[in-house]
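Reviewing the structure listed below.
All of the numbers you see were taken from the coordinates with simple rules; none came from a lab. Not measured: the values here are computed from a predicted model. For neighbour counting, all protein chains shown are included, and Cβ atoms are generated from backbone atoms with ideal geometry for every residue, glycine included.
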Amino acid sequence: MENETQIKEVEKKIAALEAVKFVQAGSIVGLGTGSSAYHAIQEISNLVKSGLEIQAVATSAHTAMLAGNLGIPLLNFDEVNSIDVTIDGADEFTADLKLIKGGGGALFREKVVAAMTKQEIIITDSSKLVDRLGAFTVPIEVIPLAVNHVMKEIKLLGGSPVLRKKNGHLFITDNNNYVIDADFGLIDEPENLSSALNNIDGLLAHGIFLNLAAKVIMGKGDQVIYF
Ligand code: 5RP
């Protein structure tokens, strides 16, 4: 187990180092959230310390704190119209670049940043590649007052919703909302499910990311594989 975790960590890191090669001087860079993005943020910080001039936007309060502590210049969302390149992780991806994200609960900001980004690069270890999305439950950010309504609508779509908890308490996002993890089984038509979820009032964002990733860079052993 320990060994498996170490292998995944190496795969994440080599994918991150490869992705950072796409960061160019003068660009605005989106910084993802999670353990894969962490490696990219570390490497970007090294480059900034060596003189690379970039500005960054963070996908979570946690990432903003990390990047700030590492000396990466940060912009607020309202200072940015477009992002050149974003490097973020994923919980699952298919070879045709469909993703599930939000395991870390940052899905709303991650989706907004991805939508604003010219080149969204996803970095993963080799365990994240799947034939069909859905073994990982779909994270859904919900406005608290709408939680019962959204849970009911998810059930009508055939899902099993569970309100996310952390350390025995309800998980609260950076936007002061809740996260529902919804099990839909393996998803035949991610486009249909994504549209149906988007139509639920009170649902802020869901973790099915379609048509947002430009490429996935996956670490496998000591190699990187592009999708
Ligand atoms: C956070 C995310 C992460 O990108 C996703 O959970 C993958 O995390 P990790 O790189 O730690 O495996 O979507 O909301």
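Please compute the alpha carbon radius of gyration of region 33-123, then divide it by the globular-protein estimate 2.2 N^0.38 Å. Two decimals is fine.
Rg over 2.2 N^0.38 Å, computed on Cα atoms: 1.04.
Quick one: Cα centre-to-centre distance for region 7-85 and region 120-168, in angstrom?
Centre-to-centre (Cα) distance: 25 Å.
Quick one: length gained pulling Lys152 to Asn199 fully straight, 0.36 nm per residue minus the C-alpha distance?
Fully extending the segment from Lys152 to Asn199 adds 15.6 nm.
What nm distance separates the two modelled labels at Asn3 and Leu145, each placed 7 Å from Cα along Cα→Cβ?
5.5 nm
Using a simple charge model, +1 on the beta-carbon of Lys and Arg, -1 on the beta-carbon of Asp and Glu, nothing else, what dipole does region 129-185 show about its Cα centre, in debye to the nearest 20?
Here the size comes out at about 180 debye.
So, in nm, how far is label Val80 from label Asn176 when the simple model puts each one 7 Å beyond its Cα toward the Cβ?
About 2.3 nm, to one decimal.
What's the magnitude of the charge dipole for the chain around its Cα centre, counting Lys and Arg as +1 and Asp and Glu as -1 at the beta-carbon? Answer in Debye, nearest 20.
About 240 debye.
Taking neighbour counts of Cβ atoms within 10 Å as a proxy for exposure, in what order, fewest first, do Ser36, Ser45 appear?
So the residues, fewest neighbours to most, are Ser45, Ser36.
Starting from the coordinates of the alpha-carbon atoms of region 176-227, obtain the Kirkwood hydrodynamic radius over all distinct pairs and give the value in Å to one decimal.
In region 176-227 this quantity evaluates to 13.8 Å.
For the chain, what does the alpha-carbon gyration tensor say about shape, rounded, prolate or oblate, given a ≥ b ≥ c as the root eigenvalues, a/c under 1.5 as rounded, and a/b over b/c as prolate?
Judged from the Cα gyration tensor, the chain comes out prolate (a/c at least 1.5, a/b above b/c).
How big is the charge dipole of region 23-94 about its Cα centre, in debye rounded to the nearest 20, if each Lys and Arg gets +1 on its Cβ and each Asp and Glu gets -1 on its Cβ?
Rounded to the nearest 20 debye, it is 240 debye.
Could you give the semi-axes, largest first, of the ellipsoid that matches region 93-212, computed as the square roots of 5 times the alpha carbon gyration tensor eigenvalues and rounded to whole Å?
The three semi-axes for region 93-212 are 22, 16, 14 Å.
Note the full-extension length gain between Ala95 and His169 as 0.36 nm times their separation in residues minus their Cα-Cα distance, in nm to one decimal.
Roughly 23.0 nm would be gained on extension.
Report, for region 1-105, the % of DSSP beta bridges that are antiparallel, rounded to 5.
20 percent
I need the calculated FRET efficiency for the pair Ala135 and Ser50, taking r as the beta carbon distance and R₀ as 41 Å, to the nearest 0.05.
The pair Ala135/Ser50 has a calculated efficiency of 0.50.
Set the Förster distance to 45 Å, then compute FRET efficiency between Asn69 and Glu189 from the Cβ-Cβ distance, nearest 0.05.
Result of the calculation: an efficiency of 0.60.
Could you work out [θ]222 nm for the chain from helices alone, using -39500 (n - 2.57) per DSSP H run of at least four and dividing by all its residues? Round to the nearest 500 deg cm²/dmol.
After summing the helix terms and dividing by residue count, I get -10000 deg cm²/dmol.
Over 19 Å between Cα atoms: which of Lys128/Lys165; Lys8/Lys128; Lys98/Lys215 fall into that group?
In this structure, Lys128/Lys165 lie more than 19 Å apart at Cα.
Rounded to the nearest 5, what % of the DSSP beta bridges within region 47-142 are antiparallel ones?
20 percent
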